[in-house]
């Protein structure tokens, strides 16, 4: 039976191979080990194997877990962001991956000002126009990107997406291309770097890397199958947001 360390080594090897296929340096890709639903002792196995960047999607679960693990770790929040949780999220997480509206961005900016923080955020794009997923419609983002970039506290580092489900990893490729193309368009128009593309999960992260992903969100390929589902999963609608 393979250990967490074995799984991590396999994922890192696949990341390196994907980078080699498209002429990229593996150091350009940040592996987010998605530890949602797994207890701190399981996460610690990944830490012992050299993993330093983790992602959670549910604040109630993340807070005690983060407290139990080394303070040197980097945590990203990949869940749907509820306004009433923003004040607790900002001090805990290096980056928020799912800012999905101008209204939420404005509110987060105001809270960041109160806390004296300059948080890193990504703009979630509903690249497949799916009602079940949060995110900016691409045309709405084109119209609002100027207002978003003018917010004084938010560091908008790039875009993220979750492609529509498909029969295999290759079916996600057009959606990853679409996100990269949208990022390039916005970058050319605004001059903002927008360097981060958060796209690709356990089933398709290699394809995402081939299409420019800088951050891949990998959970089950590292930790194994989850025993239960939680609210607040990336892209899942949530009341009270």
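The values are calculated or read from the model by the stated rules, or taken from the named source; none is laboratory data. Quick caveat: nothing in here was measured; it's all calculated off a predicted structure. Cβ placement follows ideal geometry from the backbone for every residue including glycine, while neighbour counts extend to all protein chains displayed.
Residue 128 meets each of the listed conditions (1) closer than 20 Å to residue 34 by Cα; (2) not in a helix (DSSP H, G or I) apart from (1). The sole residue among 181, 190, 239 that is more than 24 Å from residue 14 (Cβ to Cβ) and at pLDDT below 95 is 239. Counting only residues that are farther than 21 Å from residue 211 by Cβ, assigned to a loop (DSSP other than H, G, I, E, B) and without any contact (Cβ under 8 Å) to a residue 12 or more places away in the chain, segment 19-75 holds 1 of them.
Could you run through segment 118-134 and say how many residues are surrounded by 14 or more Cβ atoms within 10 Å (Cβ to Cβ) and touching a helix residue (DSSP H, G or I) at 6+ places or on another chain (Cβ under 9 Å)?
7
Of the strands (runs of 3 or more DSSP E) contained entirely in segment 150-230, those carrying at least 1 residues that are surrounded by fewer than 16 Cβ atoms within 10 Å (Cβ to Cβ) fall at 155-160.
Pairs, please: C-beta under 6 Å, at least 6 apart or cross-chain, first residue free of Cβ contacts under 8 Å to residues at least 12 places away in the same chain and at negative phi and in segment 175-194, second crowded, with 17+ Cβ neighbours inside 10 Å and assigned to a loop (DSSP other than H, G, I, E, B)? Hits for this filter: 187/194. When segment 45-60 is filtered for residues that are surrounded by fewer than 17 Cβ atoms within 10 Å (Cβ to Cβ) and either farther than 16 Å from residue 78 by Cβ or in contact with a strand residue (DSSP E or B) (Cβ under 6 Å, 6 or more places away or on another chain) (or both), the ones remaining, listed by number, are 48, 50, 52, 53.
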